[in-house]
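The values are calculated or read from the model by the stated rules, or taken from the named source; none is laboratory data. Note that the coordinates shown come from a computational prediction; the quantities given were computed from them, not determined experimentally. Quick reminder, even Gly has a Cβ in these numbers, built from the backbone with ideal geometry, and neighbours come from all protein chains shown. With ligands, DNA and RNA removed, areas are computed over all heavy atoms of the protein, side chains included. Shrake-Rupley method; radii C 1.70, N 1.55, O 1.52, S 1.80 Å.
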Amino acid sequence: MAALDTMLVYCAPGLPGGPRDSCGLSALTEAVTELTGAMTEKIDSAPAPEEYTDAAMAISRLDDAVSDLGRCHAWYARGGTSQDAATDADCFLAWELLTSSWEALKPAVDWP
């Protein structure tokens, strides 16, 4: 989780000097998907998976955000901007969903 936490800050679209090395959207979304898959497996195999409802909801929101960001590769590669205001708005909202879902997941799994 620490590596992904760092990646979400370091690789945020629109930062000066971006896009940074190792910050491709594919790498970022793959890291999220890998982590959420592993967490889902642990929750599903837990003796009382219902105790992890908040985490499961945050994981689901992260997966939705990754899906939404799938159409934003060009926007992301250009530092969070495009020639189309609707694309900018949609992709910005998808990024916000990703980061807010990440922030919701951390306390749900008791991670600082």
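Checking the condition aliphatic (A, V, I, L, M) and without any contact (Cβ under 8 Å) to a residue 12 or more places away in the chain, which residue from Ala77, Ala46, Ala12 passes?
Values: Ala77 fails: without any contact (Cβ under 8 Å) to a residue 12 or more places away in the chain; Ala12 fails: without any contact (Cβ under 8 Å) to a residue 12 or more places away in the chain.
Just one listed residue meets the conditions, Ala46.
Given the criteria out of contact with any Leu (no Cβ under 6 Å at 6 or more places or on another chain), open to solvent by less than 40 Å² (accessible area, probe 1.4 Å) and at pLDDT 90 or above, does Ala55 qualify?
On the way: out of contact with any Leu (no Cβ under 6 Å at 6 or more places or on another chain): yes; open to solvent by less than 40 Å² (accessible area, probe 1.4 Å): yes; at pLDDT 90 or above: yes.
Yes: the conditions hold for Ala55.
With Thr81, Thr87 as the choices, which residue is in a loop (DSSP other than H, G, I, E, B) and more than 20 Å from Lys106 (Cβ to Cβ)? Even if it seems obvious, please write down each step before you answer.
On the way: Thr87 fails: in a loop (DSSP other than H, G, I, E, B).
Answer to the check: Thr81.
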